[in-house]
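Structure record follows, encoded as structure tokens.
Laboratory data are not the source of any read-out in this text; all were calculated from the coordinates shown. Just so you know, these numbers come straight off a predicted model, no measurement behind them. Don't worry about glycine lacking a Cβ; one is built from the backbone with ideal geometry, like all the others, and counts go over all protein chains shown.
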Amino acid sequence: MDFVVATEDYSGLGLAVRLQDEGHRVILAVNPCPEDIAEPERCARYQQVGDGLAFEKKPLKEVLAEREALRSAYWIWDQNHSLDANETLRAEGFRVLGGGRHAETMEHDRSQCLAFVQEYGLEPPPSYQFDNAQDAIRFCEENLQTAYVYKPDTGDNFETFLPDAEDPAEANQELRIHLRSLAENGVKRTSFLLQERKEGVETNVEVWFDRGEPVFSFMTLECKRRYVLDLGELTGCAFDYNFIIPLDCRAVATSVGKLFAAYKEMKYTGFADANFIAGKDGIWFLEKCERFGYNAHPNLFWNLARNGLGETVASLLDGSFTPDFAEGFGASVTLSTKPGTLPGKPVQFPAKLWRDLYFYDVYKRDDLYLIAGYDRNGDVLLVNAHGYTMQTAWEALMKKAADVHFPYRHYRPDGDQTNFASSPIRRYEALKAMGYI
């Protein structure tokens, strides 16, 4: 089969590698350097990612111009980007998975996303919009016993500020100090939110749809902070666990399940998710990110899918998809290097681990896999493993991660621990106890 993987940041590089391994013909369709890569040297590094990995790599603009010759291909968008190109392909009857106007809106237009989910009964925590830190500080002073989370309307996810203090009054004070530091350091934002912090268990449910009909669901429990015990800055995903859940379970019914009528009306084919908090006062919706990228889908396809990636994608787009996924747990961990590391550092691993790796910031020269070094976070690749319990999945994952070597390598080793509040094992046990899964 023919596949085109359209990427803006190479988060779909691993998909292209796996499809080629399965014997498919693959084009990696890339965009020019993203706007946040202004430095010429870093742009050169970006352009080097994926070189030498055998599949064809071309600018998305060129691939789109030649699209009629690729009418039989399956097109995969790794994240929500290049909206016009995506919608053009859909309008002309091409088979496209990911991206598109709905997914773009759900991820990037919070007001439209909230209007959509609230129409069907999903409620976010109370949120309040501000355009300067002084007004937000006064608001916090008027509500001293309530904890809030700072969320910029635009910008990178690491700019979100979640107070560490468990006590609401102490968390409120922590946020006020953070807001004061923004004002004193001249940080200007046209708009940001303070969202009431809700107590409970945070998780993510994803449902797949075939022409509007729900056909499959799974749950992801991830940790987004870079350092052990969930300390440090937010990143895309430090590590996660995936497992299959029934379409009729409470976790689905109280989250994405409320949106089934909307997706049926759209005759939607693809993924729909909901990140939410399950607490004693009900479900609180947080966000929707209906796209590939980060760890969730590599974890699912590498560790739980019994069929090949190409077969799975093609069957969903052709309307013949039948779920075939393993029991147990998939686990993945992000391996990173020091941001700013010079390009060309080798990535070394035993040949037996090849199919357990998912590349982000890698190219190949001769027989060597090398780091291009464009990623601001230093993320290089994912390692994946399966187990029949969360503990055994993590044990297998750590054995594999220990066999991957490159300079300044680091990763989270604490996914099997329960001594921090966001521990996936603790969250899984809580969701089981509450009857969600």
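For this structure, a couple of remarks:
- Cross-link reach is defined here as a Cα-Cα straight distance under 13 Å, omitting same-chain residues fewer than 8 places apart; for LYS58 the aspartates and glutamates meeting it are GLU8, GLU66.
- Here the mean projected area of the convex hull built on the C-alpha positions of region 299-433 is 10.4 nm².
- Taking 4.7 Å between beta carbons as the limit, the unpaired Cys residues of the chain are CYS113, CYS140, CYS223, CYS237, CYS249, CYS289.
- Mean residue ellipticity (222 nm) of the chain, computed from DSSP H runs ≥ 4 via -39,500 (n - 2.57), nearest 500: -8000 deg cm²/dmol
- Mean-position separation - Cα centroids, region 97-120 and region 280-323, in angstrom: 18
- Taking 14 Å as the straight-line reach from the Cα of LYS258, the aspartates and glutamates in range (excluding those fewer than 8 positions away in the same chain) are GLU119, GLU123, GLU206, GLU213, ASP248, ASP273.
- Comparing Cα centroids, region 324-340 and region 162-215 end up 24 angstrom apart.
- Dimensions in Å of region 2-108 - Rg and Dmax from alpha carbons: 13.5, 39
- Cα pair count fraction exceeding 38 Å, expressed as % - the chain: 20
- Whether region 209-276 is rounded, prolate or oblate, judged on the alpha carbon gyration tensor where a/c under 1.5 counts as rounded: prolate
- Backbone HN-Hα couplings from phi across region 379-384 [Karplus 6.51/-1.76/1.60, Hz, Gly and Pro as x]: 5, 10, 6, 10, 10, 10
- Using θ = phi - 60° and Karplus 6.51 cos²θ - 1.76 cosθ + 1.60, couplings along region 176-181 (whole Hz; Gly, Pro as x): 4, 5, 4, 5, 5, 5
- Remark: region 269-281, residue by residue, has Karplus-estimated 3J(HN,Hα) of 10, x, 9, 9, 10, 8, 9, 8, 10, 9, x, 5, 9 Hz, where x stands for each Gly or Pro and the curve is 6.51 cos²θ - 1.76 cosθ + 1.60 at θ = phi - 60°.
- Neighbour-limited loop hits for chymotrypsin sites (Phe, Trp or Tyr not before Pro), region 87-124 (at most 16 other Cβ within 10 Å; DSSP other than H, G, I, E, B): TYR120
- Within the shell of other residues whose beta carbon sits under 12 angstrom from the beta carbon of GLN173, the net charge comes to -3, with Lys and Arg scored +1 and Asp and Glu -1.
- Pairs of Cα atoms farther than 19 Å apart, region 72-197, %: 58
- The H on the amide N of VAL201, modeled in the peptide plane, is under 5 Å from the matching H of ALA278, GLY279, each at least 5 residues off or on a different chain.
- Taking all Cα-Cα distances within region 257-336, those exceeding 19 Å account for 54%.
- Proxy reagent accessibility, fewest Cβ within 10 Å first, across HIS386, HIS405, HIS178: HIS405, HIS178, HIS386
- Where only alpha carbons of region 201-433 are counted, the Rg and the Dmax (Å): 18.1, 58
- Given LYS151/LYS432; LYS364/LYS400; LYS399/LYS432; LYS151/LYS264; LYS280/LYS432, the pairs whose alpha carbons are separated by over 25 Å: LYS151/LYS432; LYS399/LYS432; LYS151/LYS264
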